[in-house]
Each structure stands twice: as C-alpha cells, then as structure tokens.
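The values are calculated or read from the model by the stated rules, or taken from the named source; none is laboratory data. On a predicted model such as this, the values are computed, not experimentally measured, just so you know. For neighbour counting, all protein chains shown are included, and Cβ atoms are generated from backbone atoms with ideal geometry for every residue, glycine included. The accessibility values were calculated without ligands, DNA or RNA, using every heavy atom of the protein model including side chains. Shrake-Rupley method; radii C 1.70, N 1.55, O 1.52, S 1.80 Å.
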Amino acid sequence: MPSLVTAGWLADHASEVVLLQVGDDSSEYYAQHLPGALPLAALDELHEQVRRGPVRREGFEDLMTAKGVRREDHVVLYSAVTSAPPQSEHAVHAAFAYWVMYLHGHPRISLLDGGQEAWAAAGGALVTDVPSVPDVEPYAVGDPRPWSLLGRDELLDRFVGPGSDHLLLDCRTPTEYHGRSHHPLDVSIEHHRMGGHVPGAVNFPSGDVLDGPLLRTPDELRAMFEAVTVRPDQEVGAYCRVADRSALLWFALSEVAGHPRARHYVGGWAEYGSLVDVPVVRD
C-alpha cells in the first residue's frame, strides 16, 4: 500500500478509498473539497479534549466510526490549499492525521502528495456538496504502534545528554531553534517557556522536505537526512512546537525515506521548554 499517492493515482482509484480533508478546523472543507471527501478537524478531532496529546484509543475508535471508516478501508488524507506561510502548512495537518492513524494501527493509509493544490493543478474537480456518512460497525483498533510515540520521560532518559546514540531532529525554524524568537501563536500566559532547543538536537526545518506543495523524492530525502547525520541503525525522534510540523518531518523520514526507527515527540517544545530543571541550549 503506497504511503504517498499522486493526484493521478487518486483519480483512478477514487471509488476505492475513503477520502478525508484535514485542516485546523472544517471551514476550508465547506468552501470547497474533493468529490466524496469528508472533513476531519485536526484540533477538535485528533486531540484529546481535556488533556494534551493525540486522541486515545477509545476516542479514535469513535472518530473512525463517526467518519464511516472500517478497518479494512484504504483511507487517503489530504490538506486543503492554504495561502498562509510557511510552505509546510500545505501538508502538516494531513501528516498529523496520518501519524495518528498509524499510531492506532490502521493498516491502509495514504497521503495525497500536494493535497488539494496538486489535485486542482491536475484538473481535478472541486465541489461543495457534502456526502453522507456510511453506516458502519463500530471501529475496533487492531494492532496499534505505540512505539512511534516518543514520550517526555523516555526522551529525557535516552535522547538528552552526553553519550546518547539517539538523534533528535528539531523541525522548527532556525530562529526558534536558536532561541531568538517565539512562535507567532504564543500568548502571554506561555511566556515562561524557555527559548532554544534540546541539547544535541539538529535543526531540520519541516518545510525543507517539500518542493513546492509536493514531497521531495525518496532519494532526495535520504541524502538530506544523511547530511544531518541520520543513520539507518539509530532511533530518530522528531519534534517541533506542538506536533504538527514534526508530523510532516516524521512522515518524510519514516514513510517516504523509509527510516525504520523514526519516532514522534508529540510534547514538542511546548512541553520541553516549560519543564523545570531540564537542559536547554540557546545560541
């Protein structure tokens, strides 16, 4: 099952897949979307509502049932066109949805390369009518992949400090990485957070994995990861601020470049930079 599909592939297989448009919310979906697609709101549906973190097993099962998804379905995820910078905003929400479905072990998932922009550029139609959700049996998680989630305690024990053979990729902007700026979405109540990066983390901005709206080729990505000392035999964790940009980097590393030991630190800098008495590097 291809983890990344083209607009041409989707046009040939549209009747065989469940198509979900992923965004911060569903407003862009109701403006226009691919024929047959249903909306998936990352903030409201892919995260726990009363605690930080990705939706847990029971909530994920309820979500899949609500979207009419069965375990045997091939789900294709895509992001809507957006004019907001940075470039990686074209793909981060769909990539996070992919990672959540991967975490919970859905066996057949793909990302539409280039999202709605690539579909429209290839001559694909965009519509406003909302399809009905099929009635399905309650979804049941089969073989989850919890190892793909890198938690705070394991990060501190195994990825931080001298002697660690594991690598962290910080996919925020260079100014965030060096501790010279705050994210534009930071609010005053969060200003206790330190600026900087996890000791030993290598800066790899998530937008670098894209060429326009499209993912770079596997060979290009492997060369880029090799250039920042990623080895195929080591565990590699990706983090950003709040687990959206890092989902795109994780996808490029794991699902396109084929790294067998890629992990996702979902706490991100929002968590790490707020911890008391942990080491931080600021350049």
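Quick notes
- Extreme residue, positive dipole direction of the chain, given options THR229, VAL256, VAL76 (C-beta unit charges): THR229
- Against the main long axis of the alpha-carbon atoms of the chain, helix 92-103 sits at an angle near 90°.
- Length-normalised contact order of region 7-150 in % [C-alpha pairs under 8 Å, at least 6 apart]: 32 percent
- For region 216-277 and region 88-118, distance of Cα centres in Å: 15 Å
- The dipole here belongs to region 1-134: it is taken about the Cα centre, uses +1 on the Cβ of Lys and Arg and -1 on the Cβ of Asp and Glu, and is about 340 debye.
- With R₀ set to 41 Å, the beta-carbon distance separating ASP157 from ARG56 gives a calculated FRET efficiency near 0.95.
- The long axis of helix 218-227 is offset from the longest Cα principal axis of the chain by roughly 10 degrees.
- Label-point separation, MET1 to GLN234 (7 Å along Cα→Cβ), nm: 3.2 nm
- Contact order relative to length of the chain, as percent, for alpha carbon pairs under 8 angstrom and 6 or more apart: 20 percent
- The amide H of ARG263, built 1.01 Å from its N in the peptide plane, has VAL236, GLY237, ALA238 as neighbours under 5 Å, considering only residues 5 or more places off or on other chains.
- The dipole here belongs to the chain: it is taken about the Cα centre, uses +1 on the Cβ of Lys and Arg and -1 on the Cβ of Asp and Glu, and is about 540 debye.
- Ranked packing of 228-234, 241-247, most packed first, by mean Cβ within 10 Å: 241-247, 228-234
- Computed packing ranks the peptides 154-160, 165-171 as 165-171, 154-160, most packed first, by mean other Cβ atoms within 10 Å.
- Taking the accessible area of region 93-202, probe 1.4 Å, and keeping the other protein chains in place, the carbon and sulfur fraction comes to 55%.
- Most mobile of VAL198, VAL50, VAL100 in a GNM of the chain (Cα contacts under 10 Å): VAL50
- Area of VAL127 that stays accessible when all protein chains are in place (1.4 Å probe, Å², to 10): 40 Å²
- Per-residue ³J(HN,Hα) for region 3-8, Karplus 6.51 cos²θ - 1.76 cosθ + 1.60, θ = phi - 60°, Hz, x for Gly and Pro: 6, 10, 10, 8, 4, x
- The residues of the chain expose, per residue, 45 Å² of accessible area to a 1.4 Å probe.
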